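Here's the structure, in structure tokens; my notes come after.
The values are calculated or read from the model by the stated rules, or taken from the named source; none is laboratory data. Just so you know, these numbers come straight off a predicted model, no measurement behind them. Because the Cβ atoms are built from the backbone with ideal geometry, glycine has one as well, and the counts that use them run over all protein chains shown. We work out accessible area using only protein heavy atoms, side chains counted, and drop any ligands, DNA or RNA first. Shrake-Rupley method; radii C 1.70, N 1.55, O 1.52, S 1.80 Å.
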Amino acid sequence: DTAVSQTPKYLVTQMGNDKSIKCEQNLGHDTMYWYKQDSKKFLKIMFSYNNKELIINETVPNRFSPKSPDKAHLNLHINSLELGDSAVYFCASSQESGTYNEQFFGPGTRLTVL
Amino acid sequence: SQKIEQNSEALNIQEGKTATLTCNYTNYSPAYLQWYRQDPGRGPVFLLLIRENEKEKRKERLKVTFDTTLKQSLFHITASQPADSATYLCALERNSGYALNFGKGTSLLVTP
């Protein structure tokens, strides 16, 4: 069984479009995250949710809006896509935020904005 | 500002040798440090966590050291194998908590 899953795996779209990425974890974790990995492979935190509540919004443009309908899901909606949004987006989860818990990552969604 | 620095250049070693990767950090007071492995096209996978009061941690062929005075962690893979080829990421909890900051990673290539 996949622990953290994301859909779609690949997303190619035009500038100005709106798109969503879905994430689900079946680990029973309380905390979920979205990370962005740019072309230089730098992995950077975007958002963190704990028990469906937003904890971290790391100066991400408000075109990005995370939504957590329940503890097992954290979706990412992006409005008015820009070229600079092209990257790989990873969803992750952990038992609790921070503390001494490892994070489990999804397979990533490669977003290409043309 | 908080920084995590890892060898930016790829590390090439011969099979059977020990690989040593370095993680240096500034402006952190970490209670722990984590190491992850990332293969091309995949998400990072957790390897080891070491706490501030632990000098060394081992898991099979992996060994991690943590020196909070030097602000450095070393990650060793002994008897390296081609299957160990991947990018290795060092991670620390942000001072504000609730999430990890990652280094840029070091690419390791183990050749037969």
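Here are some notes:
- Total residues in segment A:1-37, condition open to solvent by less than 60 Å² (accessible area, probe 1.4 Å), closer than 23 Å to B:Asp39 by Cβ and not in a strand (DSSP E or B): 3
- Across segment B:92-112, the qualifying residues are those that are of a type in the set (Ser, Thr, Tyr) and at pLDDT 95 or above, and the one among them that is surrounded by the fewest Cβ atoms within 10 Å (Cβ to Cβ) is B:Thr111.
- Among the candidates B:Arg58, B:Arg42, residue that is modelled with pLDDT of 95 or more, in a loop (DSSP other than H, G, I, E, B) and open to solvent by 70 Å² or more (accessible area, probe 1.4 Å): B:Arg42
- Candidates in segment A:51-67 are the residues that are in a strand (DSSP E or B) and either in contact with a Pro (Cβ under 7 Å, 6 or more places away or on another chain) or open to solvent by 40 Å² or more (accessible area, probe 1.4 Å) (or both); of these, the one that is nearest to the other protein chains (Cβ to nearest Cβ) is A:Ile55.
- Restricting attention to segment A:76-100, the residues being open to solvent by 40 Å² or more (accessible area, probe 1.4 Å) and over 20 Å from A:Phe42 (Cβ atoms) number 7.
- Any hit, segment B:79-91, residues being farther than 23 Å from A:Arg110 by Cα, touching a Leu at 6+ places or on another chain (Cβ under 7 Å) and surrounded by fewer than 17 Cβ atoms within 10 Å (Cβ to Cβ): no
- Members of segment B:22-75 found to be aliphatic (A, V, I, L, M) and within 11 Å of another protein chain (Cβ to nearest Cβ), listed by number: B:Ala31, B:Leu33, B:Val45, B:Leu47, B:Leu48, B:Leu49, B:Ile50
- Hits in segment A:30-70 (condition: over 11 Å from the mean Cα position of the chain (by Cα) and closer than 15 Å to A:Gln103 by Cα): A:Asp30, A:Thr31, A:Leu43, A:Asn50
- Residue list for segment B:92-112, filter: at the interface with chain A (Cβ under 8 Å from one of its Cβ atoms), within 11 Å of the chain's Cα centre (by Cα) and not in a loop (DSSP other than H, G, I, E, B): B:Phe102
- Search result, residues across segment A:101-114 that are among the hydrophobic types (A, V, I, L, M, F, W, C) and open to solvent by less than 50 Å² (accessible area, probe 1.4 Å): A:Phe105, A:Leu111, A:Val113
- Pairs with Cβ under 8 Å, 6+ apart, first in segment B:49-66 and aliphatic (A, V, I, L, M), second open to solvent by 90 Å² or more (accessible area, probe 1.4 Å) and in a loop (DSSP other than H, G, I, E, B): B:Leu49/A:Tyr100
- Selection of segment B:3-21 for residues being on the phi < 0 side of the Ramachandran plot, in contact (Cβ under 8 Å) with a residue 60 or more places away in the chain and more than 14 Å from chain A (Cβ to nearest Cβ) yields B:Leu11, B:Asn12, B:Ile13, B:Gln14, B:Glu15, B:Lys17, B:Thr18, B:Ala19, B:Leu21.
- Subset of segment A:38-50 that is within 8 Å of another protein chain (Cβ to nearest Cβ), touching a Ser or Thr at 6+ places or on another chain (Cβ under 9 Å) and assigned to a strand (DSSP E or B) - its residue that is farthest from A:Thr7 (Cα to Cα): A:Asn50
- Segment B:93-105 residues that are in contact (Cβ under 8 Å) with a residue 40 or more places away in the chain and within 13 Å of B:Gln6 (Cα to Cα), paired with ones that are open to solvent by 40 Å² or more (accessible area, probe 1.4 Å) and assigned to a loop (DSSP other than H, G, I, E, B) (beta carbon under 8 Å, 6 or more apart): B:Asn101/B:Gln2; B:Phe102/A:Phe42; B:Lys104/A:Lys40; B:Lys104/A:Lys41; B:Lys104/A:Phe42; B:Lys104/B:Ser8; B:Gly105/A:Lys41
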